[in-house]
Amino acid sequence: MRRVVFNQKGGVGKSTITCNLAAISAAQGKRVLVLDLDPQGNSTRYLLGHNPENPTETLAGFFKEVLSFSFNNKGIVGYIHPTPFDGLFLMAAHPELQDQQGKLEARYKMFKLRDALLGLEGYDEIYIDTPPALNFFTRSALIAANACLIPFDCDDFSRQALYALLANVQEIQQDHNDQLEIEGIIVNQFQSRARLPKALVEELIGEGLPILGTYLSPSIRIRESHQNAKPMIYFDPRHKLTGEFQALYGALGNPV
């Protein structure tokens, strides 16, 4: 399974959801790979505790190979590194990705990531974190994946952005990747006692949108887990939010 976590709006929890779902999978004994395509490197910092200084060790190094036609060098396997967590591996981000974007797009390299991942063996699940924009890297991720998860914050701005996002994913499906499915919309930062979020989610369900039944609550513990570079399953396995991530993972068809 290759899952992309995508939203064009920033601050909706893409990296948090990516890393916590991947960590739960790894904690259950699976071999899991996370790709961090966001030049900001939030998933990288969450899983490693730091961002690599040398771009040749990161996805920037992989895309440099793509641009130089030098796949006899390291290939994608050479850019995969272990994290401190058993079974969980990472292809790290680097700020240099931002500078590579225009060159990669101009040379129409959007299918190179897909081709590399299709040839990669030994991983049960692959999670791809994306930038908060519909750019070369997000298109590459949507083309490479067979499932798309969409984080959603409960406000009207997010709702309007959601419709445009769904249209963009549909276009990728029709033009480049007919194997891509929207696995579900993840309601994040859900305040169960507030009237507006509940009404908004109910309206989206009424419209037939694929809202997943497990909602993620706001919690200061998730920020503390970021600071400690430990996903919740390792940082606080008995916390309510950890249980919600586990339920969400189960809702994706995985035994918990």
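Only residues of region 130-163 count here: report those whose backbone N is under 16 Å from the spot 7 Å along Cα→Cβ of GLU171, or say none. Zone members listed by number: 133-143, 161-163.
Annotation: amide H of GLU125 within the under-5 Å range of ARG31, LEU33, sequence separation 5 or more or interchain, hydrogens built in the peptide plane. Once C-alpha pairs closer than 8 Å and six or more residues apart are averaged by separation and normalised to the residue number of the chain, the relative contact order reads 25 percent.
Computed extension length for ARG159-GLN98: 19.2 nm, one decimal, from 0.36 nm per residue of separation with the Cα-Cα distance subtracted.
One quarter of the convex hull surface built on the alpha carbon atoms of the chain amounts to 13.0 nm², the projected area averaged over directions.
Just check region 173-256 against the gyration tensor rule for me: Cα atoms, a ≥ b ≥ c as the square roots of the eigenvalues, rounded for a/c under 1.5, and otherwise prolate or oblate depending on whether a/b exceeds b/c.
It comes out oblate by the Cα gyration axes.
The charge dipole of region 1-96, taken about its Cα centre with unit charges on the Cβ atoms of Lys, Arg (+1), Asp and Glu (-1) only, comes to about 380 debye. Kirkwood radius and radius of gyration were both taken over the C-alpha atoms of region 44-142, and their ratio Rg/Rh is 0.93.
The helix-only estimate of mean residue ellipticity at 222 nm for the chain, built from DSSP H runs of length n ≥ 4 each weighted as -39500 (n - 2.57), is -13000 deg cm²/dmol after division by the residue total. Farthest towards the positive end of the charge dipole of the chain, among the residues ILE76, ILE128, GLY87, is the Cα of GLY87, using unit charges on the Cβ of Lys, Arg, Asp and Glu.
Summary value for region 1-140: 42 percent relative contact order, contacts being C-alpha pairs under 8 angstrom separated by 6+ residues.
List the relative contact order of region 90-160 as a percent without decimals, with contacts defined as Cα pairs under 8 Å and 6+ residues apart.
Worked out over region 90-160, it gives 33 percent.
For region 182-226, the square roots a ≥ b ≥ c of the C-alpha gyration tensor eigenvalues yield an a/c of 1.5 or more together with a/b not exceeding b/c, which makes the shape oblate.
Does region 105-248 classify as rounded, prolate or oblate by the C-alpha gyration tensor (a ≥ b ≥ c root eigenvalues; a/c under 1.5 gives rounded; else a/b over b/c gives prolate, otherwise oblate)? Verdict is oblate for region 105-248. The charge dipole of the chain, taken about its Cα centre with unit charges on the Cβ atoms of Lys, Arg (+1), Asp and Glu (-1) only, comes to about 400 debye.
Only the Cβ atoms of Lys and Arg (+1) and of Asp and Glu (-1) were treated as charged; on that basis the dipole of region 62-182 about its Cα centre amounts to roughly 560 debye. When the Gaussian network model of the chain links Cα atoms closer than 10 Å, the mean-square fluctuations of LEU120, LEU162, LEU48 top out at LEU120. Extension gain, ALA247-GLU207: 0.36 nm per intervening residue step, less the Cα-Cα distance, totals 12.0 nm. The modelled label-to-label distance between ARG193 and VAL77, using points 7 Å beyond Cα along the C-beta direction, is 5.4 nm.
Remark: spin-label model distance ALA133-SER68 equals 2.5 nm, labels positioned 7 Å along the Cα→Cβ axis. Counting 0.36 nm for each residue step from ASN54 to LEU118 and taking away their Cα separation leaves a gain of 20.4 nm.
Since every read-out is calculated from the coordinates, none of them should be taken as a lab result. Nothing here was measured: the structure is a model prediction, and the numbers come from that model. Reconstructed Cβ throughout: ideal geometry from the backbone, glycine too, with neighbour counts over all protein chains shown.
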